[in-house]
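Worksheet: the structure to be examined is printed underneath.
All of the numbers you see were taken from the coordinates with simple rules; none came from a lab. Quantities reported herein were computed from a predicted structural model and do not represent experimental measurements. Glycine gets a Cβ as well: all are built from the backbone with ideal geometry, and neighbour counts include every protein chain shown.
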Amino acid sequence: MDYLIPAGSKKQMLIFGIFKPFDLILFGSGAAISILLLMILSPASFLFAMIDIAPVLITGFLVLPIPNYHNTLNALVNVYKFYTSRQRYIWKGWCVKDAFKQK
C-alpha cells in the first residue's frame, strides 16, 4: 500500500487555505482590542495611535504565513521548544535501501 498524499490536501482543511480557526480568533481578538483602545483613548499623537493599534499589529505578525511553517507563531513555538526541551535529537532518515528490508 504505497501511496502519496497530494500536496494540497492539508490546505483544504484550512480557512482560505491559510488560517486555522485559532489563527482567526487570535487576530480577531487583537483587532477587537485595538478598536476598543482607539474608541476609549482616542489618540492625540502618533505614539498613542501606535500603542492603540499594537495588539492588531502583534497578532497580525503572529498569524503571518511563512515558508516551511504554518505561521510565525508556529515557528516561534518551535524555536522555544528547541531551546527549552531535550537537546539530544534522534533522527532516522529514509533511505531507498529501507524499502527493500525484509521484516
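Residue ranges 47-53, 82-88 sort as 47-53, 82-88 when ordered by packing (mean number of other C-beta atoms within 10 Å per residue, highest first).
The amide H of Asn71, built 1.01 Å from its N in the peptide plane, has Ile66 as neighbours under 5 Å, considering only residues 5 or more places off or on other chains. Any idea what diffusion coefficient segment 18-95 gets from Stokes-Einstein, in µm²/s, Kirkwood Rh on alpha carbon pairs, 25 °C, 0.890 mPa s? Translational D for this selection: 165 µm²/s. The alpha-carbon positions of segment 41-81 define a convex hull whose volume is 74 Å³ per residue.
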